[in-house]
Amino acid sequence: QVQLEESGGGLVQPGGSLRLSCAASGITFSMYPMGWFRQAPTKQREWVAGITSAGTTNYADSVAGRFAISRDNAKNTVYLQMNSLAPEDTAVYYCRVDRSNQIYWGRGAQVTVSS
């Protein structure tokens, strides 16, 4: 079955950087667009960034210029490089893939930005 596993979260000071990874299994990874979402306490889950199978990227306005999504098809992994982090970036970050009209989520990685 399809499985997604995020890693790389943690506590970072404002202005710092983190890189999240999402390892996928159970799919032909290179064929599918991948997305990163986040959910802050008391807020709805929101889209952060996406990357197509061809490598085209898109970003939410709130993270454009600070975050970068990339993928390594040989490792079945999608990444989210997060720079210039701010307290409002604090959230649980999830990766997602849509396949055969089903949506699959990882369990999430906590990112906390605090001094």
- With charges only on Cβ, +1 for K and R and -1 for D and E, what is the dipole size of the chain about its Cα centre, in debye, rounded to 20? 140 debye
- Report, as a whole number in µm² per second, the diffusion coefficient that Stokes-Einstein gives for segment 43-96 at 10 °C and 1.306 mPa s using the Kirkwood radius over alpha carbon pairs. 131 µm²/s
- Query: Using the heavy atoms of the protein chains alone and a 1.4 angstrom probe, what is the accessible area of the chain per residue in square angstrom?
  - Reply: 54 Å²
- J(HN,Hα) series, segment 89-98, from Karplus relation 6.51 cos²θ - 1.76 cosθ + 1.60, nearest Hz, glycine and proline x: 7, 4, 4, 8, 9, 10, 9, 8, 9, 9
- Query: If contacts are Cα pairs under 8 angstrom and at least 6 residues apart, what is the relative contact order of the chain in percent?
  - Reply: 36 percent
- Query: Rule-of-thumb check for the chain: C-alpha Rg over 2.2 N^0.38 Å?
  - Reply: 1.00
- Task: Would you work out what percent of the accessible area of segment 31-115, with all protein chains in place, is carbon or sulfur (probe 1.4 Å)?
- Result: 46 percent
- Distance from the Cα centre of segment 41-56 to that of segment 83-105, in angstrom? 5 Å
- Taking R0 as 22 Å and r as the Cβ-Cβ distance between Trp105 and Ala60, the FRET efficiency 1/(1 + (r/R0)^6), rounded to the nearest 0.05, comes to 0.80
- Message: Run through segment 39-115 and list the trypsin sites (Lys or Arg not before Pro) located in a DSSP loop whose Cβ has at most 13 other Cβ atoms within 10 Å.
- Response: Lys43, Lys75, Arg107
- Just the Cα atoms of segment 13-81: what Rg and Dmax do they give in Å? 12.7, 37
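The values are calculated or read from the model by the stated rules, or taken from the named source; none is laboratory data. What you see is a predicted model, and the numbers here were worked out from it, not measured in a lab. Note that each Cβ is placed from the backbone with ideal geometry, even for glycine, and that neighbours are counted across all protein chains shown. For accessibility, only protein heavy atoms count, side chains too; no ligands or nucleic acids. Shrake-Rupley method; radii C 1.70, N 1.55, O 1.52, S 1.80 Å.
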